[in-house]
Ligand SMILES: Nc1ncnc2c1ncn2[C@@H]1O[C@H](COP(=O)(O)OP(=O)(O)OP(=O)(O)O)[C@@H](O)[C@H]1O
Ligand SMILES: [Mg+2]
């Protein structure tokens, strides 16, 4: 049974068709990278799997349950693209608060260490740098010791060292059997981490495969080149889309 699944999912926002029939399944222990240009529908897919938005048609399940169910919520963690938490709480307080929602949270020290927050856990969230804030959001995603992580552009604003450290932590999470749905615009990140890449464009899945398989779509060996070729081959004009 897949850990998380979208079946024939469409999502319409007024005139905008954000998703046009998506089938996506994440297997236990699998890291799937969802790639696509701005507005492709990546965050919409994540929000539906988190139960934050309802599909217009089709079905979403997480651990075989509705995404908004208590069972699903207890077993997943999420780092959302534009997440905000109160500026006036300390890092430690945020982690303690989020940990209290879960039945078997990680010990505070473990979360602090795993998110690279040692030494700044006493600071107010509002006093942190952009990259430090991003690490706190990662801490809040993992503190509940989830089986499934949704990471929507998790390394935006991180310096090179912090990004590599986060990759190592994501790999560690997967090595312990966790599943991940990751979105990113950094194709080297998808290449480094993903078992499988799913490319979405204008609300449709237009390519899918291992990083090596996706790379064969380009003229050179790089993932970026393949991505641009896939976009060129699959982008429809406004009239075609309508
Ligand atoms: N709450 C909303 N109300 C109206 N339109 C929305 C809403 N959320 C998303 N959309 C629209 O749906 C489309 C897909 O947006 P989405 O955020 O899923 O894209 P994305 O692939 O995550 O893009 P990005 O790479 O910029 O994060 C866009 O056209 C966006 O404007
Ligand atoms: Mg997005």
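With respect to residue 29, determine if the residue is surrounded by fewer than 22 Cβ atoms within 10 Å (Cβ to Cβ), touching a helix residue (DSSP H, G or I) at 6+ places or on another chain (Cβ under 8 Å) and on the phi > 0 side of the Ramachandran plot.
The answer is yes for residue 29.
When you scan region 49-66, do you find a residue that is part of a strand (DSSP E or B) and free of Cβ contacts under 8 Å to residues at least 24 places away in the same chain, even just one?
Looking through region 49-66, at least one residue is part of a strand (DSSP E or B) and free of Cβ contacts under 8 Å to residues at least 24 places away in the same chain.
If you scan region 10-26, which residues turn out to be crowded, with 22+ Cβ neighbours inside 10 Å and not in a strand (DSSP E or B)?
None - no residue of region 10-26 is crowded, with 22+ Cβ neighbours inside 10 Å and not in a strand (DSSP E or B), so the list stays empty.
Out of region 187-210, which residues are touching a residue at least 60 places away in the same chain (Cβ under 8 Å), closer than 23 Å to residue 175 by Cβ and out of contact with any strand residue (DSSP E or B) (no Cβ under 6 Å at 6 or more places or on another chain)?
Hits for region 187-210 are 187, 189.
Tell me, which residue of region 69-84 that is part of a loop (DSSP other than H, G, I, E, B) and exposed (fewer than 14 other Cβ atoms within 10 Å of the Cβ) is farthest from ligand 1 (Cβ to nearest atom)?
Among those that are part of a loop (DSSP other than H, G, I, E, B) and exposed (fewer than 14 other Cβ atoms within 10 Å of the Cβ), it is 84.
Could you tell me how many of the residues in region 149-188 are assigned to a helix (DSSP H, G or I) and over 19 Å from residue 41 (Cβ atoms)?
Residues meeting the conditions: 17.
Coordinate-derived values only; no laboratory data. All of these numbers come straight from a predicted model, not from anything done at the bench. A quick note on method: Cβ atoms are made from the backbone with ideal geometry, for glycine too, and the neighbour counts reach across all protein chains shown.
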